Every structure is written in structure tokens, then in C-alpha cells.
Amino acid sequence: MPELAEVETVARGLRPLAGRRILAVRFGKTDFVDQPERIESLLPGRRLAEVRRHGKMLLFRFDPESPAPSPCPIWLIVHLGMTGQLVLHEVAAPAAPHTHVWFSLDDGRELRYTDIRRFGHMRIASPEELASLVAPLGADPLELTESEFRRRLGTRQARVKALLLDQHVLRGLGNIYADESLWRARLHPMRCGTDLSEEELARLWRTIRQVLREAIRLGGTSISDYVNAHGRPGGFQKRLRVYRRHGRRCPRCRATIERLIVAGRGTHFCPHCQPAPRPVRAHAPRPSLPVSAKKLLRPAPRLR
């Protein structure tokens, strides 16, 4: 699934479209679209004012042409799912298989949405609807201060890998960058948030930001279907150290990388660089005494 770095790369590639007007919208399959008729009726004639990333979602703000009967902006929300792509094309370019949405622009190009598995999502929202949709999401890792990061993770007893994937805690992180960040920070994915020291939490905060910025600079990670807004793959897959490398040697210590399941997701780590948490010792139960012994230990009755 495209994660923060991939969605940010696509958003940056589409931001130069600000000011372009939508001429028409055409759909193929619509089982992943919420009310496609609203998109077809509301977008044509509007100008794109802003392209923004929020977590793993792409947000497009469209303002009406002035004067307009409804001066309120509307938002197009796009989630790329697992295999979604938003790519700019010349109108004459042949459509790739599994292209399901065409946005015709006033500069003679088309923005096309392609999705093999159709696990993505697309919908129109008013400003109020958008605010309600994004309210439950956590903080952006690139905008979060170190103290807030420590508060969000260090006060929870869940596994640190599960916390990094929880979109109500941090928005935008996924399996790739969680595994890579934990490896660089030398933290085992099964450690609990409350067990991490302040120094470890600070190290993880710095590492996550470093990994994400490096991935954005390299255009994201292309393992299967991801491409940027111009159809080109990313380059961060060449920098992966543990993700999907189980059975191979750790590039830092040469131990064998292992895989386990955390929060329902395949998780890759080095057992040497990322030592496992110590098991909690259970207190041994006090041995029970036989009935006869219990009677002997009863306090004797007071003599009057």
C-alpha cells in the first residue's frame, strides 16, 4: 500500500496543476467511488486550488469560478489503496488497463486513476464533511514534536510496531517505514511503548523523520505497483535494509533477518541489532498447606 512517502510524492507531483480547470470527468468501474454522480456533476467547471496530503490520503480542493451560485469549495478525497495510481497523460496517450477515472484538464491533458485491485477509494466532501472524516486520525510524523511523540507512544502498553501502524496514533506510517525505522533505531518491534526509555523514544522520533524524508527525496518505494504522478517508479526500495529481506544477512551485523507477525502484519527485524524484550517473570505462587497444617497455624484461643 502506498504510504506517507509515496502519497507525498504524488501530491508534490500534482501541485503544479493548481489553477487548472476540470472540463469533464469520465468513469469506468465505480465500485470504489462514493456517489460518482456527484463527482461528475460538481467538478466540471471548477478550478483546482490546492493539492494536499493528509496521512495516506490525497486531498484536492476545488474552488468555484466566480461568480458562482455556490461559493463554497469542495474537496476530492482519493485513497490509493494497494494498487492505485494517479498519473498525468496526454489525451492521445492510450489508456492503460484498469484505468477507471479520467479527469480532463483545460491544458489538453488528463489525470487518470488506475487501480488493478480497486481497493482504493474516491469521494467528494464539503469542508464540514472533510473535517469530520480526518478528525479521528493521529498526528503527522513529519509535523510532530519530540515531546508529543513521546507522549503518544511512551504512555501506551501496546507493541511499538502496532503503535506506529495505528492511524489514530500517527497518520501515514505503514509497514515499510515502520520496519525500516525500528531497524535503524535498534528497537525490537515487540517492545511495548511504556517500556521505551525517553532516549529510545527520542531516537525513534528522529529516525522516523529521517527515513521518511529520505524516502520522499528518492520518490517513494516501488515494490509492485507504485509510480509517481508522471508514471515513474521511486528509488527508496534500493535503500531497504530489513523490509521483505527475511532470511538474508543484516547489512549492519550480518545476523539473519527474521520475520514475525505483529498487529496482523508481517514484520521484519534483526534479532541481534534489535534485541527482543525480556519476558516478564511471573511470581511463583505460595505453596498451599494441607488442611492439618492450616489448623496448626491458627492462633490459639485466648484464656480467660
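Just a few scattered comments:
- Relative contact order of the chain, taken over Cα pairs closer than 8 Å and 6 or more residues apart, is 17 percent.
- By the rule of a second cysteine Cβ within less than 4.7 angstrom, the chain holds isolated cysteines at CYS72, CYS192, CYS253.
- The chain: angle of helix 175-184 to the longest principal axis, Cα-based, in degrees nearest 10: 50 degrees
- Charge dipole magnitude, Cβ of K and R +1, D and E -1 - segment 146-269, Cα centre, debye nearest 20: 440 debye
- With θ taken as phi - 60° and the Karplus curve 6.51 cos²θ - 1.76 cosθ + 1.60 applied, the whole-hertz 3J(HN,Hα) list for segment 103-120 is 10, 7, 9, 7, 9, x, 10, 10, 9, 10, 9, 10, 7, 5, 8, 6, 9, x Hz, x standing for glycine and proline.
- Translational diffusion of segment 117-266 was estimated from the Stokes-Einstein equation, with Rh taken as the Kirkwood radius over Cα pairs; at 25 °C and 0.890 mPa s the coefficient is 146 µm²/s.
- Pairs of lysines in the chain (C-alpha under 30 Å apart; 8 or more residues apart or interchain): 4
- Cα shape, segment 7-67, gyration tensor, a/c 1.5 rule: oblate
- Cα shape, segment 233-277, gyration tensor, a/c 1.5 rule: oblate
- Rounded, prolate or oblate (a/c below 1.5 giving rounded, otherwise prolate when a/b exceeds b/c) for segment 44-115 by Cα gyration tensor: oblate
- Taking the Cα atoms of segment 4-134, the ratio Rg/Rh between the radius of gyration and the Kirkwood radius comes to 0.93.
- Note on the chain: Kirkwood radius taken over Cα pairs, Stokes-Einstein applied at 10 °C and 1.306 mPa s, translational D equal to 72 µm² s⁻¹.
The numbers here are math on the coordinates, done by the rules we state, and not lab data. In this text, all values refer to a predicted model and were calculated from it rather than measured experimentally. Neighbour counts run over all protein chains shown; Cβ positions are idealised from the backbone, glycine included.
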